[in-house]
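Here the structure is laid out as C-alpha cells; the discussion comes afterwards.
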Amino acid sequence: QVQLVESGGGLVQAGGSLRLSCLASGSGFSINAMGWYRQAPGKQRELVARITGGGSTNYADSVKGRFTISRDNDKNTLYLQMNSLKFEDTAVYYCNADAYLGWRIGSKDYWGQGTQVTVSS
C-alpha cells in the first residue's frame with residue numbers, strides 16, 4: 001500500500017507564497033505520474049498541476065504562470081510552489097500518485113488526506 005502525506009498548507013495573504021510537499025511511503029510500488037488537486041467549498045475537486053515520470057507538466061489555466069510542480073524521486077516527494085496567491089486559490093489541496101504495484105495488481109491511484117490553504121483578501 002502507498003501512503004501520501006501532504007504538508008505546507010496554511011493561511012497567507014493575497015500575493016503571498018506557499019510551498020506544499022507530499023511524501024510517498026510504503027513498499028512494493030513505483031510511482032509514475034503525480035499531481036496536485038484542490039477542492040473548494042461547494043465545488044468539485046479539480047486538477048491543479050500534474051507531472052509525469054518523464055517530467056512533463058500540465059497546469060490548470062487558473063494557476064499557470066503562478067504555480068510550479070516538481071518532484072524529487074530520490075526522496076519520493078512531490079512539491080507545489082505557489083506564488084502570487086489569490087483568494088480564489090483557497091481550498092483543500094490533495095496529493096495524487098499513480099503507483100504501479102506489480103503485474104497482479106497493476107496501477108492504482110492514491111490520495112493524501114489533504115492540506116488546507118487559505119488566502120485572505
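The values are calculated or read from the model by the stated rules, or taken from the named source; none is laboratory data. What you see is a predicted model, and the numbers here were worked out from it, not measured in a lab. Virtual Cβ from ideal backbone geometry, glycine too; neighbours counted across all protein chains shown. Areas reflect the complete protein model, heavy atoms only, side chains present, ligands, DNA and RNA absent. Shrake-Rupley method; radii C 1.70, N 1.55, O 1.52, S 1.80 Å.
From (1) open to solvent by less than 20 Å² (accessible area, probe 1.4 Å); (2) within 18 Å of residue 22 (Cα to Cα), pick out the condition that doesn't hold for residue 116.
Against the list (1) open to solvent by less than 20 Å² (accessible area, probe 1.4 Å); (2) within 18 Å of residue 22 (Cα to Cα), residue 116 comes up short only on (1).
Quick check on segment 98-109: of everything there that is outside any loop (DSSP other than H, G, I, E, B) and touching a Gly at 6+ places or on another chain (Cβ under 9 Å), which residue is surrounded by the most Cβ atoms within 10 Å (Cβ to Cβ)?
Looking at the filtered set, the residue picked out is 99.
Filter segment 28-53 down to the residues that are free of Cβ contacts under 8 Å to residues at least 60 places away in the same chain, in a loop (DSSP other than H, G, I, E, B) and either in contact with a strand residue (DSSP E or B) (Cβ under 9 Å, 6 or more places away or on another chain) or surrounded by 14 or more Cβ atoms within 10 Å (Cβ to Cβ) (or both) and list them by number.
Residues satisfying the conditions are 40, 41, 43, 45, 52, 53.
Any residue in segment 58-66 that is assigned to a strand (DSSP E or B), farther than 23 Å from residue 105 by Cα, among the aliphatic types (A, V, I, L, M) and over 11 Å from the mean Cα position of the chain (by Cα)?
No, every residue in segment 58-66 fails to be assigned to a strand (DSSP E or B), farther than 23 Å from residue 105 by Cα, among the aliphatic types (A, V, I, L, M) and over 11 Å from the mean Cα position of the chain (by Cα).
Taking residue 95 and the conditions (1) open to solvent by 40 Å² or more (accessible area, probe 1.4 Å); (2) touching a strand residue (DSSP E or B) at 6+ places or on another chain (Cβ under 9 Å), which numbered condition does it fall short on, given that it satisfies the others?
(1)
Could you check segment 1-27 and list, in sequence order, the residues that are buried (at least 16 other Cβ atoms within 10 Å of the Cβ) and either in contact with a helix residue (DSSP H, G or I) (Cβ under 6 Å, 6 or more places away or on another chain) or in a loop (DSSP other than H, G, I, E, B) (or both)?
8, 9, listed by residue number.
Looking at segment 71-91 only, could you name the residues that are of a type outside the set (Gly, Ala, Ser), assigned to a loop (DSSP other than H, G, I, E, B), open to solvent by 40 Å² or more (accessible area, probe 1.4 Å) and at pLDDT 95 or above?
Passing the criteria: 83, 86.
Just to be sure before I move on: is residue 68 closer than 12 Å to residue 20 by Cβ, without any contact (Cβ under 8 Å) to a residue 24 or more places away in the chain and open to solvent by 40 Å² or more (accessible area, probe 1.4 Å) in the structure I sent?
For residue 68, the condition - closer than 12 Å to residue 20 by Cβ, without any contact (Cβ under 8 Å) to a residue 24 or more places away in the chain and open to solvent by 40 Å² or more (accessible area, probe 1.4 Å) - is met.
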